[in-house]
Every structure is written in C-alpha cells, then in structure tokens.
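Comments concern the structure below.
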There are 2 protein chains.
Amino acid sequence: MQGGARPSEEFNVSDDPSASPKMPPANTASHGAAPGDAAAVEEGTGFLPRFDAAGLVTCVATDVATGDVLMVAHMNAEALQKTIATGEAWYYSRSRRALWRKGESSGHTQRVVEMRTDCDQDAVWIRVEQSGAGACHTGRRSCFYRAVSRDEAGNASLRFVEGDRAFDPAAVYLKKT
Amino acid sequence: MQGGARPSEEFNVSDDPSASPKMPPANTASHGAAPGDAAAVEEGTGFLPRFDAAGLVTCVATDVATGDVLMVAHMNAEALQKTIATGEAWYYSRSRRALWRKGESSGHTQRVVEMRTDCDQDAVWIRVEQSGAGACHTGRRSCFYRAVSRDEAGNASLRFVEGDRAFDPAAVYLKKT
C-alpha cells in the first residue's frame, strides 16, 4: 500500500475525550506468555498492548503525506489511551518522565489518521498529519535528517539529507516569560 | 519525500564484510550526556549510536516500494555493524538473546537501500527491499497487519487490514529434520 492518504473509518475518534478506551494495565510478564496467549496476541482482535518493564510500547509516527518516518517515541498506557480517545498523538517522555501531548510547546501537533499494532503488540505505528513545520525539536520535519554512510576505510559517518531547518527551534520553543 | 525508490549513493556497501565499520561501544550513560555532547549527537556528522541499558537501538524497517512500516526490531552494536558492512538487515533478538540475520530461516532477506538515524541517535530507520513474500513471521508482508479501532462505547479493538497471508509460515519455518 502507498504511504499516501487512505480512508480510515476504523479510527473513530469520539467527541468525548473523557471516554477513554479500556485497555489492560502494563504487564511486564507478557514476554513469557504461554502459547495460547501468543495466538490471541498475534491472531486475535483484542488490543492487548505488551508494555515493557518500564510500562512503555514503541511508537513509530509516519507522515501520511509522504510515508517518511517522522519520529520514534514511546507511549505508556495513558498516552495510548489519550491518543486513541482524542485522535491526537500523546507520548511519554522517558527523559522528562512525563506524559506529553505532541505539539503542546511548539504547536506542531499530530492528527492520527490510522493506528496499527504489530504481531506481538509491543509497538504501534501511527500515520499522522503533521501540523506546523515539523516533528523534530531541532527544527526539521523528520527526526531522521541524517543518513548513515560508510567510507572506503569502513568508517561510518552521517550525511545531512534534510539540512535546512523547517523552523527555528529557538523561536518556537522560546519560553514565555 | 516519497517512500518510493530514491538513489542512495551514501549507503556504500563494501565487498568485504569483514571490514566492519568502526563504532563506539554501548554507552549506557549517554542519556545523561552534557550539553556539548548533545550538540555533537544532534548536529554532528559522527555516527554515535546511543545504545540503551541493554545495548540496543530501535530499528524501524520500511518497504522502499510502498513506504509501509514492515517491522520494528532492535540492533545491538554487532547487528548494526553487520548491517552497514553487508547491506543486509541484521537484528538482535531480545527473546532469543541472539544476533539474527533477517531471512536466515525464511529466506526473506532485507536489502538495505538507505539507513538513517534520528536526532538523539537512539533509533535507526532502514528503507529496505524485502525479498520473498514478507517480513512477518506470521506470514504477512508487514508485522502491522491490524488497525486499532474504537467503538462507540470507547473500547479499543483490532481490525485486520492485511488478513490474507502472503506465505504459509508453517511451510517456510518448518524445521529441517
């Protein structure tokens, strides 16, 4: 399937954000699930996110317009619930140890067009409409603005593929005094 | 940019896989890096992967033909080195605690067209040519074959978006006796 626009009737966002979807709590023992559980996780229709020991799943956000990966971040149960309930991306910041609505500082929010989960349900993929200039706090549209290259001597280095900033982070993230 | 084919001169794969790229060892303290280090990580051209406490970075593999996310997995330093050196995707299996060449059992290998890293260098994105029928061990092309939907009562459930298997996993992964 193309990375471009697709209808997504399945992602029905309620008008009432307080009507959070019901999901199981973090289950750190899930990686040792019995075979019967594995079938339910891989072939069932129950959303059974398998949070890691820190209570997180990995989230990949791609740009619905281009298919590019915008960012890789994490969601705890609350971020996942809020994302599903509101249709906007919420994450959990491991460094700040806090729930975080994408764009709450920059205004560069992400509207979720579709959410998917993977076979073992320890990751989600969201296809988003990125509002504002970009997803990355450095001022780029995508966090993945450098390609890994390898010279003849076998040394790996980085090459900027999206060098021009889409916005000025100092202006966008400047603290209001 | 579109998810389709893009030239990738930067991903020069050596004919000699033993000529592994030089990379720093796992550094579990990197999340507490000083501001000067952050600038080098975010704005530099040095490939300085920030491995987590388990010695891993997250890897997102997308299909170069469609832009779809095929899988989310992990790489340790050795998997990263082998991927860069050979141009084929290698991962580290957390459940099996072993290095793993994608397709070594199924034959469904992944040729890496481009590798990128993100702002804080704790994740890589590889755009791959998926050989064989699919990336997922369940028989689908992508591991993300179910969309998360939400009913009017606020319950989240899954809907198969890629229900027909691309291959029969029992035939492909059958152990040779």
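The values are calculated or read from the model by the stated rules, or taken from the named source; none is laboratory data. In this text the structure is predicted, and so the values were computed from the model without any measurement. Cβ: placed from backbone, ideal geometry, glycine included. Neighbour counts: every protein chain shown.
Summary table
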{"item": "Search result, residues across the range A:142-174 that are in contact (Cβ under 8 Å) with a residue 40 or more places away in the chain and in contact with a strand residue (DSSP E or B) (Cβ under 7 Å, 6 or more places away or on another chain)", "result": "A:S142, A:C143, A:F144"}
{"item": "In the range B:72-88, the residues that are without any contact (Cβ under 8 Å) to a residue 60 or more places away in the chain and within 21 Å of B:Y145 (Cα to Cα)", "result": "B:A73, B:H74"}
{"item": "Scope the range B:143-172; condition more than 8 Å from chain A (Cβ to nearest Cβ) and surrounded by 15 or more Cβ atoms within 10 Å (Cβ to Cβ); matching residues", "result": "B:E162, B:R165, B:A166, B:F167, B:P169, B:V172"}
{"item": "Some residue of the range B:135-155 being touching a Gly at 6+ places or on another chain (Cβ under 9 Å) and closer than 30 Å to B:A39 by Cα", "result": "no"}
{"item": "Residue that is modelled with the lowest pLDDT [pool: residues in the range B:64-104 that are hydroxyl-bearing (S, T, Y) and surrounded by fewer than 23 Cβ atoms within 10 Å (Cβ to Cβ)]", "result": "B:S95"}
{"item": "Any chance A:R96 is part of a loop (DSSP other than H, G, I, E, B) and touching a Gly at 6+ places or on another chain (Cβ under 8 Å)", "result": "no"}
{"item": "Residues satisfying the stated conditions in the range B:127-157, i.e. β-branched (V, I, T) and in a loop (DSSP other than H, G, I, E, B)", "result": "B:T138"}
{"item": "Members of the range B:126-139 found to be within 8 Å of chain A (Cβ to nearest Cβ) and not polar (S, T, N, Q), listed by number", "result": "B:C136, B:H137"}
{"item": "Selected residue [farther than 19 Å from A:T45 by Cα, in contact with a helix residue (DSSP H, G or I) (Cβ under 9 Å, 6 or more places away or on another chain) and in contact (Cβ under 8 Å) with a residue 12 or more places away in the chain] from B:V128, B:V112, B:V69", "result": "B:V112"}
{"item": "Test: residue in the range A:56-63 that is among the hydroxyl-bearing types (S, T, Y), at pLDDT below 95 and closer than 30 Å to A:F144 by Cα", "result": "no"}
